[in-house]
Amino acid sequence: MANQTCDVPGQGLRVPPGDVPDPAQDIATAHDRGELVLAGGCFWCTEAVYRQLAGVTEVLPGYAGGSADTANYQAVCSGRTRHAEAIRIRYEPDRISFGQLLKVFMAVAHDPTQKDRQGNDVGPQYRSAIFPLDADQRYVAGAYLAQLQEAGVYAGPIETTIEDMDTFFVAEEAHHDYAARNPGAPYIQYVSMPKVEKLRRYFPNL
């Protein structure tokens, strides 16, 4: 992953992250499976953000899309596989909802207006994508992307894709909880931690 300076405030937003609207549609607690898969650039960053949230019980970095034979860090970083660096989140639906997790994704975890990149991390492995695990997730995700696009809260079009979820391949152990274990790394200081700080500033209730 390339070194880069802190991403621009608001991550492509015209408004402060805290002003990003809540999803008009969400999954009822009784029907929420408590698991989702998101891809938003470097999984060190997205994992660091989601580990902060109350109600989230597990965050695992990994590779979504593509085949098992190339589901490893070296191959995925080449940009020649169909994988995206992603995270699998498990959570308690009675404490935090699918829609709230999507809002964090779109407001602070990454910039959904960038196509096949996040900052200086360039390639399809860094694409913005939601991998629904059931029909409810697909419906709510699609409705929320349309809602945000219509609201005009971003400076450019939303590039986030909704992709079929086949298999999630858990990443190598060295990448698990990477930000917490490597706080002095320049990438963590200048890219990952500003996202965590935005979460704490704009969504202290979460």
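Read the figures in this text as sums done on the coordinates, not as results from a lab. It should be emphasised that the depicted structure is a prediction, and the values quoted were computed from it without experimental measurement. No Cβ is skipped: glycine too gets one built from the backbone with ideal geometry, and neighbour counts run over all protein chains shown.
Using only alpha-carbon positions in region 55-109, the gyration tensor eigenvalues give semi-axes of 27, 12, 8 Å once each is multiplied by 5 and square-rooted (largest first). Label zone of Ala54 (point 7 Å out along Cα→Cβ, amide N under 12 Å): in region 177-206 this covers 204-206.
For a quick check: sort His110, His175, His31 by the number of other beta carbons within 10 angstrom, fewest at the front.
Final ranking by Cβ density, sparse to dense: His31, His175, His110.
Scanning the chain for DSSP H helices at least 30 Å long along the axis (C-alpha atoms) with a Kyte-Doolittle mean no lower than -0.5 picks out nothing.
From least to most packed, judged by other beta carbons within 10 angstrom and beginning with the fewest, Glu163, Glu172 follow the order Glu172, Glu163.
Site pair Thr113 and Thr70 shows an inter-label distance of 3.1 nm when each label is modelled 7 Å from Cα along Cα→Cβ. Return the whole-Å distance between the Cα centroid of region 68-94 and the Cα centroid of region 123-202. After rounding, the separation between the Cα centres reads 12 Å.
In the chain, the DSSP beta bridges split such that about 90 percent are antiparallel, to the nearest 5.
With coordinates expressed along the principal axes, the C-alpha atoms belonging to the chain extend over 40, 34, 30 Å, beginning with the largest. Taking each residue as 0.36 nm, the span from Ala185 to Arg95 lengthens on full extension beyond its C-alpha to C-alpha distance by 29.2 nm. Charged side chains reduced to their Cβ positions (Lys and Arg at +1, Asp and Glu at -1) give the chain a dipole of some 500 debye around its Cα centre. Which listed residue (Tyr126, Pro157, Ile87) has the Cα farthest towards the positive end of the charge dipole for region 63-183, taking +1 on Lys and Arg C-beta and -1 on Asp and Glu C-beta about the Cα centre? Of the listed residues, the answer is Pro157. Placing one equal scatterer on every Cα of region 111-206 and applying the Debye formula, the log10 ratio I(q)/I(0) at q = 0.12, 0.15, 0.23 Å⁻¹ is -0.54, -0.86, -1.36. The calculated FRET efficiency for the pair His176 and Ala28, based on their C-beta separation and a Förster distance of 22 Å, comes to about 0.10.
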